[in-house]
Amino acid sequence: MRILVLAAAMAVTLAACQSTRLGGGIDGTWTSPDGVLVSTFTRGSFTSRVTTTGETVVEDGRYSRTGDRLTLAWTSLIANQQRAAECIVSSPTVMTCTPSQGDPFTLTRSA
């Protein structure tokens, strides 16, 4: 019985590691503090849309996660430019990002 419990615990731990590497814990909807930008993260890719313009998609990109660090790379569809940011996931509901150019930004997981 003890071996079975240990094996189950190891399986859960391995699944959590795999989930983190593939974007688990990040997948979902994240919103800017003013609610204007809504980003949807799913299995290593994301899109961002602006709610004030009728849900227009303005960014399309990919992400990878290592521990509490997240790397974003995307195309700004409005400016037609490649962009990037490094983020720190400080809690399950908050990520703070520093883009390669421009001002830092924060996203909060939507309920």
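Of the numbered criteria (1) assigned to a strand (DSSP E or B); (2) within 16 Å of Gly102 (Cβ to Cβ), the one Ile78 fails is (1). Can you find even one residue in region 40-59 that is without any contact (Cβ under 8 Å) to a residue 12 or more places away in the chain, of a type in the set (Val, Ile, Thr) and not in a helix (DSSP H, G or I)? Checking region 40-59: at least one residue is without any contact (Cβ under 8 Å) to a residue 12 or more places away in the chain, of a type in the set (Val, Ile, Thr) and not in a helix (DSSP H, G or I). One residue is enough: does region 4-21 have a residue meeting the conditions within 23 Å of Ala111 (Cα to Cα), out of contact with any Leu (no Cβ under 6 Å at 6 or more places or on another chain), of a type outside the set (Ser, Thr, Tyr) and modelled with pLDDT of 95 or more? Within region 4-21, none of the residues are within 23 Å of Ala111 (Cα to Cα), out of contact with any Leu (no Cβ under 6 Å at 6 or more places or on another chain), of a type outside the set (Ser, Thr, Tyr) and modelled with pLDDT of 95 or more. Checking each residue in region 58-68 for being farther than 15 Å from Gln82 by Cβ and either of a type in the set (Asp, Glu) or surrounded by 12 or more Cβ atoms within 10 Å (Cβ to Cβ) (or both) picks out Ser64, Arg65, Asp68.
For every residue, the table says whether it meets (1) farther than 14 Å from Val38 by Cα; (2) within 13 Å of the chain's Cα centre (by Cα).
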| site | (1), (2) |
| --- | --- |
| Gly54 | no, no |
| Val57 | no, no |
| Asp60 | no, yes |
| Asp68 | yes, yes |
| Leu72 | yes, yes |
| Asn80 | yes, no |
| Ala85 | yes, yes |
| Ser100 | yes, no |
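It is to be established whether one or more residues within region 78-97 are farther than 20 Å from Gly25 by Cβ, in contact with a strand residue (DSSP E or B) (Cβ under 8 Å, 6 or more places away or on another chain) and either of a type in the set (Ser, Thr, Tyr) or surrounded by 17 or more Cβ atoms within 10 Å (Cβ to Cβ) (or both). No; the residues of region 78-97 include none that is farther than 20 Å from Gly25 by Cβ, in contact with a strand residue (DSSP E or B) (Cβ under 8 Å, 6 or more places away or on another chain) and either of a type in the set (Ser, Thr, Tyr) or surrounded by 17 or more Cβ atoms within 10 Å (Cβ to Cβ) (or both).
The values are calculated or read from the model by the stated rules, or taken from the named source; none is laboratory data. Since this is a predicted model, take the numbers as computed values, not measurements. Every residue, glycine as well, gets a Cβ built from its backbone with ideal geometry; the counts of neighbours run over all protein chains shown.
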